[in-house]
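Quick notes on the structure that follows.
The values are calculated or read from the model by the stated rules, or taken from the named source; none is laboratory data. Source: prediction; values computed, not measured. A quick note on method: Cβ atoms are made from the backbone with ideal geometry, for glycine too, and the neighbour counts reach across all protein chains shown.
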Amino acid sequence: MAEIFNGAPASYLRQSFAVGAAEVQKLWHDPFELFTRAIQPVLWLVLFGEVMERSHALTTGGLDYLDFLSAGILSQSVLFVAIFYGIAAIWERDLGILHRYLVSPAPRSALVLGKAASASVRGLSQAVVVYVLAMLLGVAVSLAPVHLAGMALLIVLGAGLFSTLSLIIACLVKTRERFMGIGQVITMPIFFASNAIYPMEIMPTWLRILSRANPLTYEVDGLRALMIRGAVSAFGVGTDFLVLAIGFGVLVMVAARLYGRMGS
């Protein structure tokens with residue numbers, strides 16, 4: 001049994017865990033960041049959500065609008081945490097920390113997975129905030145253990161996918177100023193070209209096509225089906241998981257190839 005845990009797979013996981021744990025320590029030492037990141041979902045749900053709930057301007061498949069919106073804002077919170085994660089890699093390069101990672105024996109993909117794991121922890125912390133807020137607002141959330149576990153896995157995949165995309169962008173642009181500009185340019189289109197705040201049925205055809213190619217759409221779809229009692233997945237929760245898992249896997253392979261060149 002000891003040889004199994006000391007083998008290559010166990011070593012690979014330990015290396016990924018070490019990178020992820022180092023990132024999580026930053027969050028542990030600065031819990032105020034959790035508070036500041038909670039402000040945006042509060043504004044969306046309490047202000048935008050309550051107003052739209054009263055207006056009855058959108059049809060949401062039999063769901064109250066606030067119920068419909070909650071999963072979208074949860075996904076948005078995870079997206080916003082993850083998509084700017086690449087800037088940390090640029091800071092690490094400027095401070096010389098990146099070179100320590102690159103000279104270690106850890107595979108590049110293990111380093112990338114470690115970064116994705118730390119983004120997932122931050123995403124899960126955001127999920128707790130949104131979930132508690134949704135319950136306080138009377139949203140019909142599900143507390144079934146299977147649903148909660150499925151949501152956690154979807155959040156991990158979504159945070160990993162978008163943080164890895166962020167890392168790829170950081171590897172290409174290599175400067176904080178360029179990264180912030182590109183991050184701001186792509187974040188809102190990803191959010192608005194999804195089913196986070198309105199159903200796909202009311203979208204024009206061209207936007208519906210973009211939405212079907214948007215991984216955030218599948219994260220929202222899966223989270224809504226698992227989070228809200230009475231909600232039904234448009235694509236099938238299995239399809240949502242599959243799309244996110246494949247997208248994450250492809251991006252990890254791309255990021256692993258680019259990450260080593262970032263230090264040059």
Under 9 Å between Cβ atoms, which residue pairs at least 6 apart in sequence (or on different chains) link something in the stretch 135-153 that is touching a residue at least 12 places away in the same chain (Cβ under 8 Å) with a partner that is surrounded by fewer than 10 Cβ atoms within 10 Å (Cβ to Cβ) and not in a helix (DSSP H, G or I)? none
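Could you list, in sequence order, all residues of the stretch 177-236 that are among the acidic types (Asp, Glu), within 25 Å of Gly86 (Cα to Cα) and in contact with a Ser or Thr (Cβ under 7 Å, 6 or more places away or on another chain)?
Across the stretch 177-236, the qualifying residue is only Glu219.
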Reported set for the stretch 131-183 where residues are in contact with a Phe, Trp or Tyr (Cβ under 7 Å, 6 or more places away or on another chain), assigned to a helix (DSSP H, G or I) and within 22 Å of Leu43 (Cβ to Cβ) is Gly183
Among the helices (runs of 4 or more DSSP H) lying completely within the stretch 1-76, list those that include at least 1 residues that are on the phi < 0 side of the Ramachandran plot, at pLDDT 65 or above and not charged (D, E, K, R). 8-29, 32-43, 50-55
Qualifying residue in the stretch 252-260 (condition: among the β-branched types (Val, Ile, Thr), assigned to a helix (DSSP H, G or I) and at pLDDT below 95): yes
In the stretch 240-250, which residue that is over 14 Å from Asn214 (Cβ atoms) and touching a residue at least 12 places away in the same chain (Cβ under 8 Å) is surrounded by the most Cβ atoms within 10 Å (Cβ to Cβ)? Phe248
Does at least one position in the stretch 153-176 carry a residue that is under 18 Å from Leu79 (Cβ atoms) and surrounded by fewer than 17 Cβ atoms within 10 Å (Cβ to Cβ)? yes
Given the conditions (1) touching a residue at least 40 places away in the same chain (Cβ under 8 Å); (2) surrounded by fewer than 19 Cβ atoms within 10 Å (Cβ to Cβ), which single one is not true for Ile190? (2)
May I ask you to verify whether Leu124 is farther than 19 Å from Pro41 by Cβ and either basic (Lys, Arg) or within 14 Å of the chain's Cα centre (by Cα) (or both)? no
Of the numbered conditions (1) part of a helix (DSSP H, G or I); (2) surrounded by 15 or more Cβ atoms within 10 Å (Cβ to Cβ), Asp94 satisfies every one except a single condition; which is it? (2)
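For the stretch 198-233, name all the residues that are in a loop (DSSP other than H, G, I, E, B), crowded, with 19+ Cβ neighbours inside 10 Å and more than 17 Å from the chain's Cα centre (by Cα).
Step one: of the stretch 198-233, the residues in a loop (DSSP other than H, G, I, E, B) are 198-199, 203-204, 213-214, 229-233.
Cutting the leftovers down to crowded, with 19+ Cβ neighbours inside 10 Å gives us 198, 214, 231.
Hits for the stretch 198-233 are Tyr198, Ala231.
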